[in-house]
Ligand SMILES: Nc1nc2c(ncn2[C@@H]2O[C@H](COP(=O)(O)OP(=O)(O)O)[C@@H](O)[C@H]2O)c(=O)[nH]1
Ligand SMILES: [Mg+2]
């Protein structure tokens, strides 16, 4: 393991390692088929990060197929067009789909699954489309995605489809974006988490990490995947073989923590810039050299452990190291979940609040892990922990709002008083 020197820049290292990890991932490749206007782009923009249909690089690979990708997101999407046109064009599209499936087979761009989109308020589908669905299903797992699903019409269409007995792998009704019927009657979005679940069941295991990174419809699931990996990493790193180290050498923990944070960022999949990482690390360890960050992290952690008997004679045991590191990982995942949720909803993130939240969660998780370690092996929190983190962030936001409101009122009152004074 590389021993970090004083100039070691933890943040840069985390960013570089994360990028390298994502580049190393084999992308997940999905074909999205369906007539123009059914909701393919809306689906893509809501299931995957960064509004991929709008912001991704779309390259026409054939006349009717567009390959969509974006740097830093390990996914390749193939979007079709022209299926609504006359039969001769439909035949071309069909031919192009099969060509690309055959061409990419056995390569890194082999298509893993197909979302075949049909509008759920249709009454029937044409023979040619039925043939196409059957033909693709022979080669690849197809999920029939029934878009813009609304109540009864969708139910009737589902019954009609069931009777057709198509050889598809799964069917999923969705509403990718809230649908406004009137100003005060809105059908909320639904079905995307289920679509994520069904997709994960159909694509190969090797593509799971990439898919998890790219999707944004199920943030809890991202957090779970990250926790599962982190818990294994901490257990193997600080398990039986861990040699106790002197506190003054706490910086030897830094490379492990960099690996932890970089891998979490990579499997979580988040569009995060340097400023955010700086805030998160600064919150728990400062931004100085590795030696300093290492000591601060451990030092801060020890402060939060009531009656810490762990640094006997200035030695950090495997237990202490794993408490500190797992608390770091857990807090990081909780905060990433909040950042990802805000990002998905297009809301801004307050870095100051994020920093405070990271510190609070770290404190909380140190205590939690310590208690758990006394009784059984290290266990990572549940969705309850995640919900609590959301709750604290929301409270913090509201708290801020209240303060500024109070401030405004105060200022207004003073101005009023000042004016009156002047008048008299
Ligand atoms: N509210 C809402 N509108 C949708 C949804 N899906 C599609 N639409 C509407 O249908 C139009 C066409 O969808 P689009 O995604 O562009 O279809 P594409 O041609 O298959 O890519 C959009 O402009 C939306 O107005 C949805 O889930 N919710
Ligand atoms: Mg489109």
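Quick look at the numbers
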item	result
Mean Cβ count within 10 Å, highest first, over the residues of peptides 216-226, 267-277	216-226, 267-277
In range of the label at residue 62: residues from the range 99-116 whose backbone nitrogen is under 13 Å from the point 7 Å along Cα→Cβ	99-105
Tensor-based shape of the range 1-97 (alpha-carbon gyration tensor, a/c under 1.5 rounded, otherwise prolate or oblate)	prolate
Using alpha-carbon coordinates, inclination of helix 151-164 to the longest axis of the chain, degrees	60
Measure of compaction for the range 122-188 (Cα Rg per 2.2 N^0.38 Å)	1.28
Shape of the range 117-235, Cα gyration tensor, a/c cut at 1.5	oblate
Whole-angstrom gap from the range 114-142 to the range 161-222, using each part's C-alpha centre	17
Degrees, to the nearest 10: 383-423 long Cα axis against longest axis of the chain	70
Calculated FRET value between residue 139 and residue 163, using beta carbons and R₀ = 25 Å, to 0.05	0.55
Stretch gain in nm, segment residue 9-residue 356, where the contour uses 0.36 nm per residue and the Cα spacing is subtracted	122.7 nm
Gyration tensor (Cα) of the chain, equivalent ellipsoid semi-axes in angstrom	46, 30, 19
Isotropically averaged projected area of the range 26-212, using the convex hull of Cα atoms (one quarter of hull area), nm²	10.6
Simple label model, 7 Å out from Cα along Cβ direction - residue 107 to residue 87, nm	3.3
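We did not get these values from a lab; they are worked out from the coordinates using the rules stated. Please read these numbers as outputs of a predicted model, since none were measured by experiment. Every residue, glycine as well, gets a Cβ built from its backbone with ideal geometry; the counts of neighbours run over all protein chains shown.
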